[in-house]
Amino acid sequence: MTAKNVAAIYSLSPQQQGMLFDTLQLPATGVHIEQKIYVLRGELDVPALERAWQHLVERHTILRTGFVWKNQDEPLQCVLREVNLEIIKRDWRALSQTEQNERLQNFLDEDRRRGFELTKPPLMRLTLFQMGDQEYQLVWSHHHIILDDHWRRIHRFQYSAQLSSSA
């Protein structure tokens, strides 16, 4: 996080302070890590998917937010001007459905325990698994410190609209 790339700095809400404390006290436990799996069927335009998610990051400051607490009087959230979001891609078409299910569960467990380095946005990850010729599972992992249920409902609507316009 460089000073040139910082667009704004804010205090944390009491809820965010509690989540930061929990995360620092319980590393590698998956505390406050949330995951959503989207099942996608049909021909997938992966570049359009990447553009749609990057557009959401560019549009919403919270998706470009990281946290600092060391050498600070109080913890702060820093909104960056630019953050790149990469979609990690895995091709599991050669695996049986049983192997896919086992590997996906292992991935979810490991991904949750991996957590996030809170000083380095984005505090979310996307992993796209190709399960069949026209079947995908997109895993969206994020730290709850940046997103609540209200935001996720707005996101689903905007993401769908952006994906449609990117096609």
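The values are calculated or read from the model by the stated rules, or taken from the named source; none is laboratory data. For clarity, every value in this text was computed on a predicted model and none was experimentally measured. In this analysis, Cβ positions are derived from the backbone assuming ideal geometry, glycine residues included, and neighbour counts consider all displayed protein chains.
Going through (1) assigned to a loop (DSSP other than H, G, I, E, B); (2) of a type outside the set (Asp, Glu); (3) in contact with a helix residue (DSSP H, G or I) (Cβ under 6 Å, 6 or more places away or on another chain); (4) in contact (Cβ under 8 Å) with a residue 60 or more places away in the chain one by one, Pro27 falls short only on (3).
Evaluate the following for Arg64: is it among the charged types (D, E, K, R), modelled with pLDDT of 95 or more and in contact with a Ser or Thr (Cβ under 6 Å, 6 or more places away or on another chain)? In short, no.
Each residue in the range 46-81 was checked for being surrounded by fewer than 11 Cβ atoms within 10 Å (Cβ to Cβ) and more than 19 Å from Gln15 (Cβ to Cβ), and 4 of them qualify.
Just one of the listed residues (Thr119, Thr127) is assigned to a strand (DSSP E or B), in contact with a strand residue (DSSP E or B) (Cβ under 7 Å, 6 or more places away or on another chain) and at pLDDT 95 or above, namely Thr127. In the range 102-121, the count of residues that are surrounded by 12 or more Cβ atoms within 10 Å (Cβ to Cβ), out of contact with any Gly (no Cβ under 9 Å at 6 or more places or on another chain), free of Cβ contacts under 8 Å to residues at least 40 places away in the same chain and farther than 26 Å from Pro47 by Cα is one or more. Looking for something in a strand (DSSP E or B), among the aliphatic types (A, V, I, L, M) and either modelled with pLDDT under 60 or crowded, with 17+ Cβ neighbours inside 10 Å (or both) - is there at least one such residue anywhere in the range 137-152? Yes, the range 137-152 has at least one match. Here the range 3-45 is the region considered, the condition is being within 27 Å of Val139 (Cβ to Cβ) and among the charged types (D, E, K, R), and the residue that is surrounded by the fewest Cβ atoms within 10 Å (Cβ to Cβ) is Glu43.
Of all residues in the range 13-47, exactly one satisfies the criterion of being at positive phi and over 18 Å from the mean Cα position of the chain (by Cα), namely Gly42.
Listed conditions (1) under 30 Å from Asp133 (Cα atoms); (2) touching a residue at least 60 places away in the same chain (Cβ under 8 Å); (3) touching a Ser or Thr at 6+ places or on another chain (Cβ under 8 Å) are all met by Ile37, apart from (3).
Looking at Leu63, Leu56 in this structure, which one is under 17 Å from Thr119 (Cβ atoms), in contact with a helix residue (DSSP H, G or I) (Cβ under 7 Å, 6 or more places away or on another chain) and part of a helix (DSSP H, G or I)? Every option except Leu63 fails the conditions.
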